[in-house]
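Just below is one structure, and these are the notes that go with it.
The values are calculated or read from the model by the stated rules, or taken from the named source; none is laboratory data. Predicted model, so just to flag it, every value in this text is computed and none were measured. Glycine also receives a Cβ, built like all others from the backbone with ideal geometry; neighbour counts cover every protein chain displayed.
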Amino acid sequence: MAIKRMDNVLIVVDDLEAAKAFFVELGMELEGETPVEGRWVDLVVGLENVRCDIAMMRTPDGHGRVELTKFHAPAAERIEPENAPVNTLGIRRIMFAVDGLDDVLARLRAHGAELIGEVAQYGDVYRLCYVRGPEGVIVGLAERLGADASG
């Protein structure tokens, strides 16, 4: 088997502080921050003279990570509408399992999150919704219902 785990998902942002605050409010922990530049990063990402700041966010269980990156050089480019719909080709959302969906949603709204559609219930198993956060990132929230709500 070649894959050991999924290490992280990269989200390029313009406002790193707002993005960090959003994901902290969601319940993620700031694992670390660092500036990144040099020939090695140029080679890896296929750009020249890269200079960026990254913040690594970790889920409370320690298994999931989101890397937030603010590019200073070269400048980030937007190739799709900021509020692209969920059926736009490409990576569209990150889904998180949460406890207390209504509370999480209220806290994220205080950080500018907008509900896309409605909170819906899937049978007697989940309550789900999508929210649009910083930089137009779509975050799914899923609250498990019933006796085994911890899973």
I'd like the full set of residues that are in a helix (DSSP H, G or I) and either surrounded by fewer than 20 Cβ atoms within 10 Å (Cβ to Cβ) or modelled with pLDDT of 95 or more (or both), limited to region 131-141. Glu135, Gly136
Do you know which of the residues in region 104-118 that are in a loop (DSSP other than H, G, I, E, B) and either in the same structural domain as Val24 (by TED's automatic domain parsing) or of a type outside the set (A, V, I, L, M) (or both) is surrounded by the fewest Cβ atoms within 10 Å (Cβ to Cβ)? Gly112
Considering only region 101-132, how many residues are of a type outside the set (A, V, I, L, M, F, W, C), farther than 20 Å from Met57 by Cβ and touching a strand residue (DSSP E or B) at 6+ places or on another chain (Cβ under 8 Å)? 8
Within region 100-120, work out how many residues are among the β-branched types (Val, Ile, Thr) and within 14 Å of Phe22 (Cα to Cα). 1
For Asp14, only one of the following conditions fails: (1) part of a loop (DSSP other than H, G, I, E, B); (2) farther than 20 Å from Arg132 by Cα; (3) in contact (Cβ under 8 Å) with a residue 24 or more places away in the chain; (4) within 17 Å of the chain's Cα centre (by Cα). What is its number? (2)
Would you please list the contacts, defined by Cβ atoms under 7 Å and residues six or more apart or on different chains, that run from a residue in region 47-67 that is over 13 Å from Asp7 (Cβ atoms) to a residue that is in a strand (DSSP E or B) and modelled with pLDDT under 95? none
Could we say that Leu128 is among the hydrophobic types (A, V, I, L, M, F, W, C), surrounded by 11 or more Cβ atoms within 10 Å (Cβ to Cβ), at pLDDT 90 or above and over 15 Å from the mean Cα position of the chain (by Cα) here? yes
Candidates Leu30, Leu47, Leu43, filtered to the one that is in a strand (DSSP E or B) and more than 10 Å from Thr69 (Cα to Cα): Leu30
Which one is nearest to Leu10 (Cα to Cα) among residues in region 92-103 that are surrounded by 14 or more Cβ atoms within 10 Å (Cβ to Cβ) and among the aliphatic types (A, V, I, L, M)? Ile94
Does region 35-43 contain at least one residue that is under 12 Å from the mean Cα position of the chain (by Cα), surrounded by 13 or more Cβ atoms within 10 Å (Cβ to Cβ) and more than 14 Å from Ala76 (Cα to Cα)? no
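For (1) in a loop (DSSP other than H, G, I, E, B); (2) hydrophobic (A, V, I, L, M, F, W, C), each residue gets a yes or a no:
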| site | (1), (2) |
| --- | --- |
| Cys52 | no, yes |
| Gly62 | yes, no |
| Ala75 | yes, yes |
| Asp102 | no, no |
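Conditions (1) within 30 Å of Arg39 (Cβ to Cβ); (2) in contact (Cβ under 8 Å) with a residue 24 or more places away in the chain, marked per residue:
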| site | (1), (2) |
| --- | --- |
| Ala76 | yes, yes |
| Gly90 | yes, no |
| Ala106 | no, no |
| Ala113 | no, yes |
Surrounded by 14 or more Cβ atoms within 10 Å (Cβ to Cβ), in contact with a Ser or Thr (Cβ under 8 Å, 6 or more places away or on another chain) and closer than 21 Å to Val104 by Cβ: does that describe Met57? no
